[in-house]
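Notes follow once the structure below has been shown.
The values are calculated or read from the model by the stated rules, or taken from the named source; none is laboratory data. Since this is a predicted model, take the numbers as computed values, not measurements. Cβ coordinates were reconstructed from backbone atoms using ideal geometry, including for glycine residues, and neighbour counts include every protein chain displayed. The protein model used for the area step is the full one, side chains on, heavy atoms only, and it has no ligands, DNA or RNA in it. Shrake-Rupley method; radii C 1.70, N 1.55, O 1.52, S 1.80 Å.
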Amino acid sequence: MSYPHYRDVLDLHSGRATSDGDGVRLTRIIGGPGLERFDPFLMLDAFDSFDARDYIGGFPPHPHRGFETVTYMLEGRMRHEDHLGHRGLLEPGGVQWMTAARGIIHSEMPEQEQGRMFGFQLWLNLPAADKMGPAGYRDFAPAEIPRLTSVRGVEVTVIAGRFKEGEQEQSGAVQRPHTEPQLFDLKLPAGACVMPELPRGHTVLLHVFEGELMVRGQRDHTVKTGQLARLGDGDSLHLTSAQGARVLLIAGRPLHEPIVQHGPFVMNTHEQIEQALADFRSGRFA
């Protein structure tokens, strides 16, 4: 008889309070030293405030090169504009997927002066072969993002990749062949469990932003509100919650390439970073 090889929790991360843009307060859950542990993911920021002074300054025009940004808004409204002429309004339940690639200059500015601003931004690395490809942008309204309710009552928003559990299967709004990102918003009612199937060898991260989650395996681990769990490899994933939970499941195929980051530029060598800085300063981005 063969037994499943469960993905166990390797470590937990709580993030750190910081600010970015024009003083926007946020929690940096992934970012800083040791990015190879999270490959192909480079950064995960959570922003959540009812105080307009924490977000009203927004993110005025700034450059990016070498990766993709995924912004998932749960409450609030944010306007995107970039030097390529793209414009989009991110509303509750919506997603913006921007491919910076060889270079993009964009702004993300709140379109509200009161109320809650709540959401996440994830940075997804690009393979070396695509870092200098064309930049792009796509806005997804809430109605364009597939959703399903699992047989065990878990509500699943399938932003990217493909959700599969037993006979249930649903493709997400975005597919990427190189990093194969899976990005799901899982809402577990009290007592529910979910067992999504994920490819072996992929990096798997769980960020709990409501309630408390139990990761079942050879060793059970509890993941509390605000924590991110990095999981080991395996062929089975078993998640349950006694009191209910809301979880971002983030998974992707590692690139196993050098990562050199300087602020908004993520390349493979220091020379490429110097070139990105020179290109931006000379106006070649625009």
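Please work out which residue is nearest to Leu228 (Cα to Cα), limiting yourself to segment 117-156 and to residues that are crowded, with 19+ Cβ neighbours inside 10 Å and among the aliphatic types (A, V, I, L, M). Checked segment 117-156; the qualifying residue nearest to Leu228 (Cα to Cα) is Leu122.
Residue pairs whose Cβ atoms lie under 9 Å apart, separated by 6 or more positions or on different chains, with the first residue in segment 158-179 and closer than 25 Å to Leu42 by Cα and hydroxyl-bearing (Ser, Thr, Tyr) and the second open to solvent by 10 Å² or more (accessible area, probe 1.4 Å) and part of a strand (DSSP E or B), are Ser171/Arg162.
For Gly226, the conditions (1) open to solvent by 40 Å² or more (accessible area, probe 1.4 Å); (2) small (Gly, Ala, Ser); (3) in contact with a Phe, Trp or Tyr (Cβ under 8 Å, 6 or more places away or on another chain) are fulfilled apart from (1). Would you call Gly234 surrounded by fewer than 15 Cβ atoms within 10 Å (Cβ to Cβ) and over 15 Å from the mean Cα position of the chain (by Cα)? For Gly234, the condition - surrounded by fewer than 15 Cβ atoms within 10 Å (Cβ to Cβ) and over 15 Å from the mean Cα position of the chain (by Cα) - is not met.
What tally of residues in segment 188-223 results from selecting those that are closer than 25 Å to Thr71 by Cβ, buried (at least 16 other Cβ atoms within 10 Å of the Cβ) and touching a Ser or Thr at 6+ places or on another chain (Cβ under 8 Å)? Counting residues in segment 188-223 that are closer than 25 Å to Thr71 by Cβ, buried (at least 16 other Cβ atoms within 10 Å of the Cβ) and touching a Ser or Thr at 6+ places or on another chain (Cβ under 8 Å) gives 6.
Here Thr18 meets the list (1) among the β-branched types (Val, Ile, Thr); (2) without any contact (Cβ under 8 Å) to a residue 24 or more places away in the chain; (3) not in a strand (DSSP E or B) almost entirely, failing just condition (3). Restricting segment 21-41 to residues that are open to solvent by less than 60 Å² (accessible area, probe 1.4 Å) and in a strand (DSSP E or B), which is farthest from Lys224 (Cα to Cα)? If we take residues in segment 21-41 being open to solvent by less than 60 Å² (accessible area, probe 1.4 Å) and in a strand (DSSP E or B), then Val24 is farthest from Lys224 (Cα to Cα).
Selection of segment 145-180 for residues being aliphatic (A, V, I, L, M) and under 23 Å from Met73 (Cα atoms) yields Ile145, Leu148, Val154, Val156, Val158, Ile159, Ala160, Ala173, Val174.
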